[in-house]
Each structure stands twice: as structure tokens, then as C-alpha cells.
Amino acid sequence: MRQWVVWLACAIGLGCGCSPYGGGSFACTIDMQCGADGKCAEGFCSFPDPNCSSGYRYGDLSGPQSNSCVGGPSNDGGVDTTMPPLEAGVSCYGMGLTQPCFSSAPTGSKTLSTAINTDSSTMCETIAAGGTGFCVISGQSITITGNVVVTGSKPLVLVATGTISVEGTLDVSSHRSPVVVGAGANPTTCGAGTAPNTSGGGAGGTFGGKGGNGGGTNFSATNGGLAATLAAPTTLRGGCGGHNGNGATPGTGGAGGGALYLIAETSITVTSSGLILAEGAAGGGATDTASGGGGGGSGGYIGLDAPTIMNAGVIAANAGGGGEGSGATTAGAPGNEPNGATGAGTSSNFTTNGGEGAAGASGGTATGANGLDGSSTGGGGGGGGGAGIIKRYRATSIGGGGPISPPAT
């Protein structure tokens, strides 16, 4: 794929030139000659690779730098040995955070219609490279029907040499009741933020957008939790959970949404009945004794990698709302969870002297709202979760007119 991109650039005259190195190397001068996600580094095209300390690896047509990390594993120009050269005949796919490689091109048609656990499903394949830590399912075409709920510690990656069609629900969301944790959610690489104290509310999870801070007690936010700072993911992973509240009987934080990555060499289509969801769970309400509510989970990650992407359904990675703080003897309400294109709402029960939970991010709002402060006899409300990430690769836009929340970048 990378060779095709750069040779096409030569063919349409984007100012490239051949280098004197063997094998017909490609010399670049600007990033646009290297495709949507490539970068021109020292005159050669490089592409995202989380196994390199710089985050980029030179492509196959980079002369003496071919397949080595930009800057080397320790910025010394050496070859990163964590990913050895692939054998002849191996086919790799994708332009984003993961590029699965197969010893032969995937074939056949597959239909996904039931729940998948990425840790135990027999559908998860062993591939040549690029699949470490993921559940990879491949075919010439892949169709999603029914309600496919995806759980487990590993993100789900679908690879089609032709088309992917989502006609049912493909769901890596997390939920509070009943408890569901989406595939790849709550990774250890999530930022910690600052936990609440003295009955403060927990902060919302941070991922594509920053979570909201937790509310305090006695109408002062000084003891509420503080959300983690933003840090763009360098590997495919899910969203981050909200903080637990503080106090004797606090609300627990909601889990972040999971991670899902679709790669198709022809097209990805979400029909009018189709949904792709990676939404965060709501924070829990505190039980009593003036405790803080839990923060909402952030939205997760949805990667869409194809030359053509059409959405007539719904694609959403919204965040969960924060839970309400409790009064001295009265429980707070849990936060609200997203519902497809509808963003998370606040808690609705502000009769306990506890601070109200805040809304999670949705639509064009990336940041979760801050939880409200409780009274002198109430705990702080939980902050809303930050937005998830919906990322498109290769396609210049997503057609079809269906709602996408947050907007794809």
C-alpha cells in the first residue's frame, strides 16, 4: 500500500524524483507526497508505527533507510529490531495506528452477528505482524448484522480486502447497568489526573477531549477531582475511565468506551440501520453520608480506514455523564449514558444537597462539563467524560449524511 501511494505520487507529477539507491527508491520533498498520514523525513516517506520511539518508520522505497525507524530506536539511525523485516509475499493493510500483515491476502466472506470477546473468540486470527495485542478478523468482505457487542481487553480490528458493511450494531461501548466494559477500554496508559478528597466528586475520563473536573463540598470546588491532561494516543487503545468519588460511600467512575478499527481496501458502508458505537459509561451516584459522585467515562476510539466511507446510520463515541453526590442520608442519582447520537445528560435529581453530576462530551463539544459543588452537608458531583476519537484514513470525507459524534478528523 505504501509503495502504491508513493508511486501514484510520481505518476501524477507531485514533484518526486528517483534516488540512486537500488530498488527504485522514492525521494520526497513535502508530506503530501507520502499519503494522508505519511511524513517526509530526511527526503524519504515515513509512516505511523507505534513500535518506533519517534512514532514513524520509513517505507519500503526509502533507499538505505527502508523499514527502519525514523531516528532509530534510540535516535541513533539504527534499525528497530522490535519489528523484523517481513518475508516476501506478506501483505499489510491500513494507514493509521495499526497495520496488520498477512502471509497471504485475506479471502472469503464473513458475517458477524453475535457477541465477541476479544480475549477468547476463535474468530481472532494469528497474523504475520502488526496484530500484537489486538483481535484481528479478516476476509475479502465483512458484514455486521444483528447486535455485535464486543468486550475483552484487546481492541477489535477488522480487515477486508474488499468491503465492510455495517447493517446492524457494532458496539464496543461501556455501560454502568448492566455492567459492560468495551473491548480495549481503560488501558494502563490513561493519565491519572488528581483524585478527589474530602467528599469531592470524581473527574471524568480524558481521551479525545478532556474530562470535566469533579465538584467539591460546601460550595467549594477545591476538593473535587482534577481530570488528566490531554495526550494523543500513539497506539490503538480505548478510552479512559472516570475517577471514583471520595467519602464513606462514594459513586464509582464510569469505564471509558472501547477501541475499534475498520480497514477496507474498497469501501466501508454504514447503512441506515447500522450503528458503530464506542461510548463511555456513566459515573455512579454516591449512596449517602455526604460522599462524592463518580466521574463519567470518556468516549472510545473508532478508526475508519478506506478509500470510500459512507454513513447513513450512526457513528458515535460520546462520553458518560457524572454521578451525583449524596446528602447526609439521601443517595445521589447516577449519571446518564449516551444513546447513539444523543450525548450524555446530567443527573436530574438535585434534592439531596449533593452536587449534580455533569454532562459528558458529545457532538462538537470535546470537553466534559465540571461537576457541581455540594452544600455544607452534601458531596460533590462527578465530572462528565471527555469525547472519544473518530478518525478517518485515506477517505477525504465521510458521505451519507448520518450523524457522527464527535466529528471525524
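Quick rundown of the values:
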{"read-out": "Filter result (buried (at least 24 other Cβ atoms within 10 Å of the Cβ), closer than 30 Å to residue 136 by Cβ and touching a strand residue (DSSP E or B) at 6+ places or on another chain (Cβ under 8 Å)) within segment 174-231", "value": "174, 182, 183, 184, 185, 207, 208"}
{"read-out": "Odd one out for residue 377 among (1) modelled with pLDDT of 95 or more; (2) touching a strand residue (DSSP E or B) at 6+ places or on another chain (Cβ under 9 Å)", "value": "(1)"}
{"read-out": "Every pair of residues 6+ apart whose Cβ atoms lie under 7 Å, when the first sits in segment 390-409 and is assigned to a strand (DSSP E or B) while the second is exposed (fewer than 12 other Cβ atoms within 10 Å of the Cβ) and not acidic (Asp, Glu)", "value": "391/409"}
{"read-out": "Any chance residue 251 is under 28 Å from residue 183 (Cα atoms), assigned to a loop (DSSP other than H, G, I, E, B) and over 13 Å from the mean Cα position of the chain (by Cα)", "value": "yes"}
{"read-out": "Residue match in segment 370-387 (condition: outside any strand (DSSP E or B), among the β-branched types (Val, Ile, Thr) and either closer than 19 Å to residue 282 by Cα or in contact (Cβ under 8 Å) with a residue 40 or more places away in the chain (or both))", "value": "yes"}
{"read-out": "Residue check for residue 201: at pLDDT 95 or above and part of a strand (DSSP E or B)", "value": "no"}
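The values are calculated or read from the model by the stated rules, or taken from the named source; none is laboratory data. If you're wondering where the values come from, they're calculated on a predicted model, not measured in any experiment. All Cβ positions, even for glycine, are placed from backbone atoms using ideal geometry, and neighbour counts span all protein chains on display.
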